[in-house]
Each structure stands twice: as C-alpha cells, then as structure tokens.
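Notes to accompany the following structure.
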Amino acid sequence: QSTIKWRMQTYAGPALAEHVIDPAIKMFNTIAGDRMQIELFYADQLVPTGELFRAMQRGTIDAVQSDDDSMASPTEVTVFGGYFPFASRYSLDVPVLFNQYGLNEIWDEEYSKVGVKHISAGSWDPCHFATKDPIRSLKDLEGKRVFTFPTAGRFLAQFGVVPVTLPWEDIEVAVQTGELDGIAWSGITEDYTVGWADVTNYFLTNNISGAWAGSFFANMDRWNELPEDLQTLFRVCCDQSHYYRQWWYWGGEASLRVDGTKMELTTIPDAEWQTVEDAAVKFWDEIAAESETKARVVEIFRKYNSDMAKAGRPYRYG
Amino acid sequence: MSYEMIAILMFSTMMLMLFTGQRVFGAIGFVGVISAVLLWGPGGSDIGFSAAMKLMKWYPLLTLPMFIFMGYVLSESKIADDLYKMFHVWMGPVRGGLAIGTILLMVLISAMNGLSVAGMAIGATIALPELLKRGYDKQMVTGVIQAGSSLGILVPPSVVLVLYAMIARQPVGQLWLAGVFPGLMMAAMFIAYVVIRCRIQPELGPVLPPEDRDIPRAEKLRLLRAGVLPLVIFAVMMVPFINGWTSLVESSAVGALAAFLAAVLKGRMTREVFENSVRNTLGISCMFMWIILAALGFGAVFDGLGAVRAIESLFTDQLGLSPWMILILMQLSFIVMGTFLDDTAMLVIVAPLYVPLVDALGFDLIWYGVLYTITTQIAYMTPPFGYNLFLMRAMAPAEIGLRDIYRSIVPFVMVMIVALTIVMAFPQIALWLPEYVYGK
Amino acid sequence: MTALMGAYVRGVDGFNRRIGRFVMYGIFVMMAILLWSSISKTFFNPSMWTLEMAQFAMVAYYILGGPYSIQLGANVRMDLFYGDWSVEKKAWVDAFTVFFLLFYLVILFHGAIVSTAYGLGYFGDAPYGYFGGLIWAFVTGGPDAAGEVLGHMERSPTAWRPYLWPIKIIMIFGFFLMLLQAISELLKDIATLRGVTL
Ligand code: NA
Ligand code: NA
C-alpha cells in the first residue's frame, strides 16, 4: 500500500508557520508514518494566497490553512473569516461561536456547496495596528496606508485608512519601500515573530477585533478518500494546532506588551475609540443586509455578544 | 521516481531546451508546465497561469518598465552626450583617459538607473565610436563598456537588489546603500586595470592629439555643467524615496518622468527618439516579464518538489561542509550557472534556493545581497548567456565581432572575481554605510 | 497553400502589430497612475486603487504586448550554438521547438479560461462548455439571460475589491494572440525551408 501524499499550503510565511502550523503537521506525519505524509508549503509558495481556494478546489493542492477572507473564498461567509470588526473579544470566543453557537453548521453548508471540506475553525491573535508613526487619536489614522484584511480594510476606510493588500511575504519590505505606513494584521506576538516589529515603531493597544477566525480546509474528494482513522487524526492535529495558538498568542501578547523593547505602546482613549465600536455595529447591519446567510451569522454574533455581556465578569467587563 | 530525481530531470531538460535556441521563456515555461501536468494532473495545469497572478501581485516589478524606459530616454535622446564630452575633454590628456572617462560616465549613469541597459546603450552608441576613432584598442574598450554598464545593478538604484530584497525579505534601502562602496571600489579597480594596461602597452589607449585637447579653459569649465544633470535626476528620484515621501515604485515613475522632461527641455525628444524609447521599452519589458512568468511557474514546481530541502540537506548533513566552504561553493556554482542560465531566470529560480540556506548558515543577508549582485554582474557578461553580451552585439558598430566581445570581457571578469573575493573577506566594505546611516 | 499561409501571416502579424503599438503607450498609463499615487498621497488622502490598478496595467502591457515583442525579436534565445547556425538550420530547429512554446501557451491559455470561468462564478470542470453556454445565452436571450448564467463573481481580496474577470479576459485574449503569433512564426519558418517568401 503506497503512502498517501497531500500538499497543504498555509497563508502564513515560514517564520510564523514555525509556531502556528509546523508542529501540528510534524505531529501528523510522525503518527501517520508510511500511511500518509503531508507536505507543507508557506505563503504564496505554490500558488498566490488569493488563488488558494481555487487551487484546492481544482486539486492543485489538497488542503489549506487560511482565513476565508484572505483566500478569497467564493462563499457567503468570506467576510467573517480573518478579522470581522469587533465580533470577538477573546480568542476563546471563536471556538465557542463555532462549536456552541452554530457557526460550524453554516460553514459546513456553505463550503459543501462549492466542493470544499471545511474541517475545523480556530482562532489566532487580536488585530492591532503596528505603524511607523504613532497613533494617539482617530485623526492619526487618516491617510495611513495599512496592510490589513480585505473586510477589515473596508471597515477602516471610513476613518481615512487606506487599506492595501499585498503578498504576506512582501510586507516587511513594503513598509521599508514606503508602500505601507503600517500593518493592521495581527497582535504584537506576530509583529515580533515575523519581523514587523523591526520595521515599525508603534503598537496601538486598541484592537479592532479580539481574535482572528480561520480554518483548515481540504479538497472534498481527497478528504472523502481518507480512511476514517486518518480523518480523525487530521482533526486531532488541527485541534492541537488551535490549542498551541491559544496559549502561544495569549501569553505572547501580554509578555511583549510588558517586556518588549522594539515597539512603543500608544492608546486612543476609550471614549474616542467608542466611535469605532459604534461604527462596527452599523457595519454589521450593512453586511447582514447583503444576504440571508450573512444575516444569520451576524445574528449569532449579536446573540453571543449579548449573552457574554449578561454573563458579566470575567466574560465581559463593563 | 524520487523527487530529487524529478528535480534533476527538470533542470537538465530545461538546459537541453535552452540549447536548442528556442526563446528562453518558451523553454523554461514548457518544462515548468509539463512537469506540473505530469506530476499533479489536471490541477497541475493551473500552475502556469497561477504564476501570472503571482507576477501581477509582485509590485516591485512595476519599477522594471519604468527603469527601462528611463534608460532608453537617456540613451536615445543623447542627453548623455554632453556628459561624455565632459569626460572626453577632461580625461583626454591621460593615457587611456577616454576609457577611464567612460568608466566614470558609467558610474554616473548607474546612479540614474536601475538596470545596465542604459549604460550599455549610451556606452555602445556614444562612447564606443569615439573611442575607436581615437585609436583605442577595440577589445579593451568593448570590455570597459560592458563591465562599466554592469555597475548599473550594483550602484543604487538597482532593480536586481529590489528583486533580491523581495526574495530575501531584506530592507531595500539598506541593500542599496550596501551596494555603494563595492560599486565604487569595483569602478576604481576597472580604472586601475586600464591605467596599468595602458602603461605597459601605451598603444591600447593613446593620448588625445593636441588639437583635440586645445580647448579654452572657459569651455572646459562649461562642460562640467553637464555633470549636474545626472545629479539632479538622481536627487529627484532618491531624495523623496529616502525621506519616505514617495514609495519605491512611485520613485521609479518619478525618475522616468524626470528623464523624459529633461529630454524634452533640452529639445532632444524628437518624434524618432520618442518612438524608439517607447517601442524598445515594450520589447525589453516583455522579454523580462515573460521570462519571469515562465520562471515563476517553473520555480513553483521546483519548490513543490522540495528541491530546496534536498539541496540544504545535501550540503549540510551529507557533505558536512563548513559554512564558508558552502558559501564559496554556492558562489562558484552561481558563476557557472550564470554562464548558461538566463539572469532573470537565475534570480527567480536559484535565489529562492540559496537565500534561505545562506540565512541558515548564519551569514548576513544584506552582505550576501551584494555578493549576489556582483555574481549576477559577472553572469550578465559571461558567454554564452548574458544580457550585456546580447545588448553589446545589438548596439555595437559592425567592426566589433562576436569574438571581440567574448574576448573583451575576460580581464574584467577577473577583476570582478577579485572584487567579489575582497567583499567576501571584508564585509564591512558593504555593511559600513548602511550601518552608519541606519544605525543598526 | 502559400497564398493562404501568406494571408494568415500578414493578417496575424498586422493585427498583433497594431495591438502592440497601441499598448506600448501603456508605459505612460502606468507612469500616470503611479505619479497620481504619490501626488494624492502628498496633497490629499491616498487613493485605494492606485497600486492594484498599476498592476492591472502592467499585466495588460506585457501580455498584450507579447506578440509584438516576438515580432521585434526582443525575446532572447540562448544562442551558444543557435547563433552560428545558417538561416535554414535555424528555421528547421525552430519549426520543431516552436511546438514546445505552443504547448506552454496552450496551457497558459487553458489556465486563463479555467480561471476566468471561476471568476464568473463557474466551479465545474467544463469551462469551455460554460463559455459556450454563456455566449449562447447572450445571443438568444440578451444580457439578462447571460446574467442568469453568472454565479458568484470573483473579486480581488483587497479593500478596493475590483472584479477580476476584466483583467482575466484580457489575459485570455493576450495568450490567444500569442498563440496566433507563434503559429505565424512557424509558418514563416516553413516558408523559409521551402524557399518561398510570404
Ligand atoms: Na543603479
Ligand atoms: Na552569463
């Protein structure tokens, strides 16, 4: 019996992948041994990130780790992948939304329609600004060319931010060549890990979303061909990957804010930042009006956030 | 078949295809897509097109047509004529002086341009006929122009260093600064070579006859003003970039516009010059872009086979070589490959293999960028494959034969290898300036 | 036969030449977009579309300009041996190796077709049938009927979110012209071998 071989591409570059995906794939390969091996490719290596979905659907690659937004998935849930403005506060919100509030079912429905298997969703870090010049008020956002997620960019455009999307690997150089003034793509852990902290000077502690939401996907036929135990193993390794990120980011965010030396922290006062949070509520309405599926997801976000507020501390303060 | 075998097969098939003389992009592209289809079935057939999307998103490539256009405007409109005259008059009295003046001219042109095309065009069309008329040795001066114009990719701005920066994820500003002193050093070494050669064999570079030298002092001083133009163009392009007012690709557009306006203001932008610049820019840009398109497709498959990992483990685990030995081997293999592989293809296929390895070995990637560029310069002018060779043949007067061109580069390649060795041994030549400016 | 070949070569070369001479001014389009980008950044709010628009212009420039660049002889060959061959020998070898080039171009063309069909919302495995149906619907039922055939329209994953099908259609067109040009080169080589001028 010959070894099953999968090609998997992540949207993360090698430096980040070392933490967020390499360990899980290594674990999978060690356990599966001669039965199955996954070859992992990094951001834009085989195909550009914007083409990831199509490449998986066509079988150029077999599996993908990405958020729905970055890989431009042709589904109704695309805008919610990555950072949907203020949908979550903590990284644990994401798995709860998927496992207990019904997002898993919606995602499964949507991806089945387009011939792709949605395997498992997990969360990453919160979304903060890392910039060359300090941001101390909303006015400082005006005219800043910022690398960010497509949907987050649409949202931020109303504050004068000019969203720019470039290949992930090119971001560090793009900041240096002046194509970008900053990055709104991650928390501080990632800024340090991938080298963005070396090319920017300031970190804004206000975030536009509490946690990234992204998933593992596979070509439907390739997935169905796998024996059940390998499917299970794959799921277990996905969960392992989610778990690793939970503590790696959570701990990293705090320790780098306290001990990091490369970036100066700035803050926009809560009262002023409230403008942004209020704008998000309006933005949710706009998105909900776009389709029935989107309305369903937005409704779930509303319900979840109101539940959390009612639950009080430690779920929500104030 | 193991992946390593497939990778070797791909590489050798590509070489074979190249030797048939089919257009380079066709040869590389064919091997890339057929391998993808054979390996990965119908899904693999998308890799070729996927590369087109990748190319589209690779924003620094926008600088390519801009710098090419700039180069053509500078050479076609002959606004560099005055510059040449300046060096001609001032350096003429020295033995081999016109050749030295030509090298200095090339340094100035390099500072205005990111490729070697402009220097080559100006050198071959303006300087070369003059030098031949004055009885300079044709092989020496052909070599001078090729070697001098290759400085275009080492002295900032440099397109090759931009592409390297993208692959190695290193700051372009620092890379450009790192190229300054090695570039000047190499120019000085070329000059030293000419001086020594002409001392031993004065007939290679005769002194200008007195009637040519007898120019009023006021006129000589007036000619110095020609040197202002390149400085202005360089400043218009680089000052806003260094200050962060314009981005890299915007700066290249500013530079192209500045060259264009300079030609218009000097009354040199005739209908013919305009036509030639615009048409040749399309031709050369297409040549580069189609090769990059093909090479990106090839590279994706090559990468997909794990060729990088295979080479890495071969060097470090199996052969057990020390980092320096590996580095030297890599440079040697680069020079060898550069002699028969197209330079753009080399950048897109080989650099992604080597750069991670250099990083893993613990070397400075800024410094390596300079080594890499010097090696590319050598590749640019070593037969059978080199853009400078092609350009030279296309642009030089009829009396310069292919053999002259091939022979002419030998001493200069030697000088460049010495320069490469010096920069390898003394990294501070490259690193001092960026460290000083950026206070690393 | 020779007359037919001559007509093809003249037709294709003439058309590609005109296209090429039109897109060669694209250098000024790219320049204008990039200059606008720096002007708007300095004096107003930077524009969201400039970099991507410049990238689209660049793609149209080099893909549509490709056939003309072949006519100009701008595409380099490795001529270690090739350079020394006689005109006939070059024609012989080219007439054979041009099929490798053709194969590459067919794959690019096919990839562009597949990707454009996807861009218009078709996810299946029969993109040519899809385009046939699309054109048929347009011919028989007008724009509305054609609109029915369209699915989820692919947009660039950026905040500007331009539709991608226009640039992809330009790419299809460009690869197709490139194919025609390569065939024209083949015919010219055959003519050389038969000692006729087209
Ligand atoms: Na230069
Ligand atoms: Na060479």
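The values are calculated or read from the model by the stated rules, or taken from the named source; none is laboratory data. Every value quoted in this text rests on a predicted model; they were computed, and no experiment measured them. As a convention, Cβ positions derive from the backbone with ideal geometry for all residues, glycine included, and neighbour counts pool all protein chains shown. SASA here: full protein model, heavy atoms, side chains in, ligands and nucleic acids out. Shrake-Rupley method; radii C 1.70, N 1.55, O 1.52, S 1.80 Å.
A few remarks follow.
- Chain A: C-alpha gyration tensor shape, a/c 1.5 cut-off, then a/b vs b/c: prolate
- Peptide A:163-175 is shielded by partner chain Cβ atoms: per residue, an average of 5 of them sit within 10 Å of its Cβ.
- Sites residue A:37 and residue C:136, calculated FRET efficiency, Cβ-Cβ separation with R0 41 Å, nearest 0.05: 0.35
- Sum of -39500 (n - 2.57) over DSSP H runs of 4+, divided by residues of the protein assembly as shown (222 nm, nearest 500): -21000 deg cm²/dmol
- Once divided by 2.2 N^0.38 Å, the Cα radius of gyration of the range B:151-196 becomes 1.32.
- Prolate/oblate/rounded call for the range A:132-252, Cα gyration tensor, a/c under 1.5 rounded: prolate
- Rolling a 1.4 angstrom probe over the protein heavy atoms with all chains in place gives the range A:137-241 an accessible area of 26 Å² per residue.
- A Gaussian network model of chain B, with springs between Cα atoms under 10 Å, assigns the largest mean-square fluctuation among B:383, B:202, B:157 to B:202.
- Between the beta carbons of residue A:286 and residue C:42, assuming R0 = 30 Å, the FRET efficiency works out to 0.40 to the nearest 0.05.
- Highest mobility in the GNM of chain B, judged by mean-square fluctuation with C-alpha springs under 10 Å and restricted to B:200, B:366, B:328, is found for B:200.
- 12 Å beta-carbon shell around residue A:256, net charge (K/R +1, D/E -1): -3
- Listed residues C:193, B:231 arranged by accessible area, highest first, probe 1.4 Å: B:231, C:193
- Residues within the reach of a label modelled at residue B:196 (point 7 angstrom out along Cα to beta-carbon, backbone nitrogen below 19 Å), restricted to the range B:409-431, are B:409-426.
- Accessible surface of residue C:197 - all protein chains present, 1.4 Å probe, nearest 10 Å²: 130
- Interface size, chains A and B: roughly 2600 Å² of accessible area buried, both sides included, 1.4 Å probe, rounded to the nearest 100.
- Other protein chain Cβ atoms within 10 Å, averaged over every residue that makes up C:18-24: 3
- Sequence ranges B:246-257, B:420-431, A:224-235, ranked by mean other-Cβ count within 10 angstrom, highest first: B:246-257, B:420-431, A:224-235
- Set B:133/B:220; B:57/B:78; A:113/C:168 screened for pairs whose C-alpha atoms are more than 30 Å apart: B:57/B:78
- With Cα atoms, 0 to 90° folded angle of helix C:165-194 axis to chain C main axis: 0
- Cα-based Rg and Dmax for chain C, where Dmax is the largest Cα-Cα distance (Å): 20.8, 64
- The lysines within cross-link reach of residue A:117, meaning a Cα-to-Cα straight distance under 26 Å and a gap of 8 or more places when in the same chain, are A:5, A:26, A:294, B:54.
- Fraction of accessible area attributable to carbon and sulfur, the range C:30-105 (%, probe 1.4 Å): 71
- Each pair of Cα atoms in the range B:39-160 enters the Kirkwood radius, and Stokes-Einstein at 4 °C and 1.567 mPa s then converts it into a translational diffusion coefficient of 81 µm²/s.
- Solvent-accessible surface ranking, highest first, for A:292, A:76 at 1.4 angstrom: A:292, A:76
- Range of Cα positions in the protein assembly as shown per principal axis (Å), largest first: 98, 70, 60
- Averaged over B:253-265, number of beta-carbon atoms from partner chains that fall within 10 Å: 2
- Mean Cβ count within 10 Å, highest first, over the residues of peptides C:28-37, A:34-43: C:28-37, A:34-43
- The magnitude of the dipole of the protein assembly as shown, with charges of +1 and -1 set on the Cβ of Lys/Arg and Asp/Glu and taken from the Cα centre, is near 2860 debye.
- Distance in nm between pseudo-label sites at residue B:428 and residue A:113 (7 Å out along the Cβ direction from Cα): 6.6
- Most mobile listed residue (A:73, A:137, A:215) in chain A, GNM with C-alpha springs under 10 Å: A:137
- For the chain pair B and C, the interface hides roughly 5700 square angstrom of accessible area in total, found with a 1.4 Å probe.
- Sorting the segments B:120-130, B:145-155 by their residues' average number of neighbouring beta-carbon atoms within 10 angstrom, most packed first, yields B:145-155, B:120-130.
- Over the C-alpha trace of chain B, radius of gyration and Dmax come out as 22.1, 76 angstrom.
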